[in-house]
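The values are calculated or read from the model by the stated rules, or taken from the named source; none is laboratory data. Keep in mind the model is a prediction, meaning the values are calculated, not measured. No Cβ is skipped: glycine too gets one built from the backbone with ideal geometry, and neighbour counts run over all protein chains shown.
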Amino acid sequence: MDNILDVSFLLHDAASDFFARHFFVIKRMLLILAHLSLFGFLFPGIRKDLGNISVFLLFVILFISPLSKIFRMRLLLQVMSVRRELGIWMAYVATVHGVGYLLDPLWLSQNIVPYWNASFFSIDTRYILGIAAYTLTLPLLFTSNTLSIKFFGPKAWKRLHSMAYPLFLLVLFHFFLRTGRADNFGIISVLAVFSGYIFLKVLARKNFISPLRGGIAFISDRYKAFVFRKRAPLSS
């Protein structure tokens, strides 16, 4: 057990130290990756994969906040500092995924055009949810900068970016509903993931689970002992 923990601590500290040393390079690289993802417009075959990547990035952006507050790990707190760049990357990838389909004449003629003279809500449910989710993504993308924070003010800017929560719910439905109607698997999956996220948010405010508190305290004590052993030869 001690050896496993020591290896985990070593890996954590190595990753955290690397992150700290190359913090600004990592931020720039994430922005470069975001802009490079726009070349995905040239490769229609990867649209679906890009959609999956945007969902994964949204998961990281949202889940990292409560997890960092619950576990207080240095690496998680460091990842929190690049959430803006991850958000921009997520929005760019979602743009290639969504707009790429809308700009495809064949896809548009098969899935959207037949419903132009009918009700908008007769379109496949997945596409309606995807369009709604992308619509919420745009104001988050355009205001993911320091100038917007100064313009709106921190409180108003934070309220604006709380749209990430309904965006998350829409994305979950869009991702899990594999047919035009809500099947049981899709509904259960959405409720499970969203409930899990809400549970983590509540837990981040107050950790009311005694075994979890005890486990975190135990790991924290072992980590302090690990750091002491690592520094001991230096001080001797």
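Observations on the model:
- If you go through the stretch 193-213 and pick out every residue that is assigned to a helix (DSSP H, G or I) and either surrounded by 13 or more Cβ atoms within 10 Å (Cβ to Cβ) or at pLDDT below 90 (or both), you end up with 8.
- Subset tally (residues that are β-branched (Val, Ile, Thr), more than 22 Å from Ser81 (Cβ to Cβ) and in contact (Cβ under 8 Å) with a residue 12 or more places away in the chain) for the stretch 108-161: 4
- The residues of the stretch 156-189 that are in a helix (DSSP H, G or I) and modelled with pLDDT under 85, listed by number, are Phe176, Asn184, Phe185, Gly186, Ile187, Ile188, Ser189.
- Residue count for the stretch 103-144 satisfying the condition of being outside any loop (DSSP other than H, G, I, E, B), closer than 17 Å to Leu170 by Cβ and under 28 Å from the mean Cα position of the chain (by Cα): 17.
- Leu38 vs. criteria farther than 30 Å from Leu212 by Cα and in contact with a Phe, Trp or Tyr (Cβ under 7 Å, 6 or more places away or on another chain): yes
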